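Data first, discussion second: the structure below is written as structure tokens.
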Amino acid sequence: MSGGVGDVEIDISGDINVPERPKDSSKSGFMMQLPAQLQLASPAASEWVNRRRENVRPWLLFLNTHKFKVPPNVQRWSKRLARNVEYFQSNYVFVFIGLILYCLITSPLLLLAVAACLGACYLLSLRNAETKLIVAGVEVSPAHQYAAVAILSLPLFYLVGAGSVLFWVLGASFFIIGLHASLYNIESVVGSDEEPFDLQMEQV
């Protein structure tokens, strides 16, 4: 060999194509499809919760008993009821949710039944993320699966007294919300970004 190492030229230019690794369907189904489902459901729920939180009136204003006043007539009562429901809409929603949570906390059997139902739905979501459920050659959609879980859970909810709890929550909610909306003197409430209701202007 007459030439040295320096006389040898090696061409290393060009494009390097790295082959893509095949995706593991068993892992991608669980890790990718499930978050995609959650991303479809979460924005709507988050938007609704954020809207309710943004529209919540100050609780000190909501619970100010000094503003409770009996309406003078039926016409004023109907207007006050509608205006209070519109003005304190988000507060009333949280009152309803609070009553539901109170019933769940004070009813351990009902809480277990709800947890079992939600757990079954969660397991179905994991299964649907991996493989589709096919019965007798027909694909069963997740919505039908959740509906089946809800129907099968009805006897369990009946045994733990969910019916009476539901009627109690509805009755208590209508009573509390109706009483507050009927007695709260919304005409005296004037916010910085709210228009006064039947406000009588006084000269300063």
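Kindly list the number of the only condition in (1) under 30 Å from His180 (Cβ atoms); (2) under 18 Å from the mean Cα position of the chain (by Cα); (3) free of Cβ contacts under 8 Å to residues at least 60 places away in the same chain that fails for Val95.
(3)
Does Val165 satisfy being of a type outside the set (Phe, Trp, Tyr), more than 19 Å from the chain's Cα centre (by Cα) and either modelled with pLDDT under 90 or surrounded by 13 or more Cβ atoms within 10 Å (Cβ to Cβ) (or both)? Can you show your working first?
Values: of a type outside the set (Phe, Trp, Tyr): yes; more than 19 Å from the chain's Cα centre (by Cα): yes; either modelled with pLDDT under 90 or surrounded by 13 or more Cβ atoms within 10 Å (Cβ to Cβ) (or both): yes.
The answer is yes for Val165.
Filter the stretch 69-92 for residues that are under 25 Å from the mean Cα position of the chain (by Cα) and crowded, with 17+ Cβ neighbours inside 10 Å; which is farthest from Val56 (Cα to Cα)?
So, considering only residues that are under 25 Å from the mean Cα position of the chain (by Cα) and crowded, with 17+ Cβ neighbours inside 10 Å, the one farthest from Val56 (Cα to Cα) is Asn84.
Within the group Ser188, Ser153, which residue is more than 23 Å from Pro71 (Cβ to Cβ) and either modelled with pLDDT of 90 or more or not β-branched (Val, Ile, Thr) (or both)?
Details: Ser188 fails: more than 23 Å from Pro71 (Cβ to Cβ).
So the residue among Ser188, Ser153 that is more than 23 Å from Pro71 (Cβ to Cβ) and either modelled with pLDDT of 90 or more or not β-branched (Val, Ile, Thr) (or both) is Ser153.
Sort out which residues of the stretch 146-162 are under 14 Å from Leu112 (Cβ atoms), of a type outside the set (Gly, Ala, Ser) and surrounded by fewer than 16 Cβ atoms within 10 Å (Cβ to Cβ), and write them in order of number.
Of the residues in the stretch 146-162, the ones under 14 Å from Leu112 (Cβ atoms) are 153, 156-157, 159-162.
Those left that are additionally of a type outside the set (Gly, Ala, Ser): 156-157, 159-160.
Leu159 - this is the single residue of the stretch 146-162 that is under 14 Å from Leu112 (Cβ atoms), of a type outside the set (Gly, Ala, Ser) and surrounded by fewer than 16 Cβ atoms within 10 Å (Cβ to Cβ).
If Leu133 satisfies every condition in (1) aliphatic (A, V, I, L, M); (2) without any contact (Cβ under 8 Å) to a residue 24 or more places away in the chain; (3) touching a helix residue (DSSP H, G or I) at 6+ places or on another chain (Cβ under 6 Å) but one, which is the exception?
The number of the failed condition is (3).
The values are calculated or read from the model by the stated rules, or taken from the named source; none is laboratory data. It should be emphasised that the depicted structure is a prediction, and the values quoted were computed from it without experimental measurement. Here the Cβ is made from the backbone with ideal geometry for all residues, glycine too, and neighbour counts use every protein chain on show.
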